[in-house]
Amino acid sequence: MPVTALLLANARRAGRFDGLVDVALDGGRVVAVVPAGERSAAGLPSGPPPETVDLDGRVLIPGLWDAHTHLTQWALVRHRLDVSEATSPAHAAALVRARVHGATTPVPQGQPLVGYGFRWAGWDTEPTAAHLDEAVGDVPVILLSGDLHSAWASSAGLRYLGIAYHPTGLLREEEWMPASPRIVAVDDDVADELVADAARAAAERGVVGVVDFEVADNLAVWRRRLARGWGGLRVRAAVWEQYLDAVLAAGLTDGDPLTDGAGLVTQGPLKVISDGSLNTLTAFCFDEYAGLAGDGAHGILNIATDQLVPLMSRARDGGLRCAIHAIGDRANSLALDAFAASAARGSIEHAQLLRPDDVARFAALGVTASVQPEHAMDDRDIAEELWPDRTARAFPLADLRRAGVRLTLGSDAPVAPLDPWAAVAAAVTRSRDGREPWHPEQSLDLRTALEASVDGRSLDLDAGGPADLAVLDVDPLSVDPDGLREMPVAGTLVAGEWTHRTF
């Protein structure tokens with residue numbers, strides 16, 4: 001990505017009414033922020049005057065980050081069948097039938113129809129392969145659950161996944177995860193173009209960077225994309241245990257560029273999934289799920305602490321941070337135990353259900369809570385059903401904030417759309433679609449939510465940071481929070497180069 005000097009004139013800063021400023025960019029950095037018109041003090045190097053863009057009073061903020069994505073899956077989902085509104089197996093099967101028989105573009109021969117977004121835990125009837133077989137016959141169908149922890153396949157879809165027999169067709173956790181790569185096995189050229197398109201769409205929402213937790217050899221994938229000229233946004237590429245040896249052998253530590261001279265993509269944390277999810281009834285909890293008893297009634301622990309600690313210690317010794325998926329309260333408590341025992345640094349991803357003592361431990365251990373507020377809006381009804389006596393401590397964003405825990409907001413795309421404004425809106429309003437706020441005592445104030453979405457940057461645009469910026473038509477700190485989801489983004493810059501511009 002070429003880097004040129006640029007002066008953004010007559011900008012407003014979010015939440016401030018002390019006059020316009022000129023912001024000078026050079027070498028991919030913010031080099032000066034001065035009162036508008038004082039360009040001689042802008043700190044630019046000598047030589048030809050920089051290009052000047054008049055923002056005409058528009059608001060300039062640090063660019064937004066999504067701290068939890070599965071970028072290739074999100075890129076694919078943007079072109080897949082959405083069954084998230086389905087209220088029953090029959091409803092979902094009807095949506096599939098309409099796509100197969102009513103679409104102008106047929107399902108390619110030999111390829112499955114892949115859909116996403118169904119949430120079966122709240123249905124009266126469990127989905128089966130027979131529901132889909134009756135709807136579309138021998139067309140292979142594979143539907144991803146909204147939380148990505150289960151999938152529902154037709155009989156032909158099961159065969160496509162290499163599963164000769166399954167009693168129901170609903171694949172959960174360890175049944176699904178080994179088979180899941182089959183549905184993202186598209187040609188590299190196709191995947192890379194879809195990801196580039198998703199990055200362009202993210203730039204339209206002011207996004208400058210993501211943490212990519214795609215279950216893949218991310219070192220190889222992102223080195224390939226860099227070699228092909230990647231420039232859409234910044235990426236922190238996580239590593240999974242099965243690929244950890246390659247990252248350590250390459251001597252990559254947290255934040256290192258994956259290739260020389262290509263700082264847009266850097267090494268991210270080790271990712272480990274310690275439990276399941278609420279909608280799959282596998283988030284690992286101290287108490288039983290409502291209506292369940294016996295084995296599995298508390299959810300599932302995917303990795304024991306005595307296995308997790310040495311893995312995290314190995315990552316720490318190699319200079320990597322750790323990102324531990326934990327949703328249930330017992331999984332979170334055990335993940336915090338592992339952080340304490342390993343002395344690793346990093347985050348717990350999701351932190352959806354917490355005991356008060358563990359909220360305090362986040363702060364004491366310096367563990368970041370990487371949270372996805374839109375999940376609270378997706379899960380509020382099923383949480384009330386499955387965790388009826390504990391939703392006051394579900395998605396406890398305000399409790400974490402009061403305890404001094406560092407928060408970062410994300411989407412978990414494709415579980416929720418890659419749009420930080422949706423995450424900010426959910427964190428602030430605890431509401432969506434006109435519903436009453438859900439546990440509003442756990443909402444964040446708007447400034448806190450926005451600060452948790454800009455990768456630790458100051459909203460005051462201090463000089464010295466990367467020239468990763470978003471230009472807004474309105475001040476986000478002055479709008480009705482109900483309008484945050486439609487925040488108008490006029491421009492986005494990454495390393496001082498426009499990735500989106502409407503003016």
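If R0 is taken as 35 Å, the Cβ-Cβ distance between GLU441 and GLU486 corresponds to a FRET efficiency of 0.85.
Taking the average, over residues, of other Cβ atoms within 10 Å as the packing measure, peptides 464-477, 285-298 rank 464-477, 285-298 from highest down.
A convex hull fitted around the alpha carbon atoms of the chain yields 155 Å³ per residue. The Rg/Rh ratio of segment 78-127, with Rg taken over Cα atoms and Rh as the Kirkwood radius over Cα pairs, comes to 0.99.
Carbon-plus-sulfur accessible fraction, the chain (probe radius 1.4 Å, protein heavy atoms only): 50%.
Can you tally the net charge around SER88? Count Lys and Arg as +1, Asp and Glu as -1, for every other residue whose Cβ sits under 12 Å from the Cβ of SER88. Result for the local shell: -2. Using the Cβ-Cβ distance between GLU384 and ASP473 with R0 set to 45 Å, the FRET efficiency from 1/(1 + (r/R0)^6) comes to roughly 0.75. Summarised in one figure, the compactness ratio Rg/Rh of segment 172-282, Cα atoms and Kirkwood Rh, is 0.98. Let a ≥ b ≥ c be the square roots of the eigenvalues of the Cα gyration tensor of segment 101-251; is it rounded (a/c under 1.5), or, if not, prolate (a/b larger than b/c) or oblate? Prolate shape, in that a/c is at least 1.5 and a/b is the bigger ratio. Applying both filters, DSSP loop and at most 15 other Cβ atoms within 10 Å, to the trypsin sites (Lys or Arg not before Pro) of segment 199-232 gives ARG228. For VAL359, neighbours were defined as the other residues whose beta-carbon sits under 11 Å from its Cβ, and their charges (Lys and Arg +1, Asp and Glu -1) total +1.
Per 0.36 nm of contour for each residue apart, how much would the distance between ASP357 and ARG402 grow if the chain were fully extended, relative to their Cα-Cα spacing?
14.9 nm
Take the Cβ atoms of ASP462 and GLU51, set R0 to 25 Å, and the FRET efficiency comes out at 0.65.
The values are calculated or read from the model by the stated rules, or taken from the named source; none is laboratory data. All of these numbers come straight from a predicted model, not from anything done at the bench. Note that we place each Cβ from the backbone using ideal geometry, even for glycine, and neighbour counts take in every protein chain shown. Heads up: the accessible areas ignore ligands, DNA and RNA and are worked out on the full protein's heavy atoms, side chains in. Shrake-Rupley method; radii C 1.70, N 1.55, O 1.52, S 1.80 Å.
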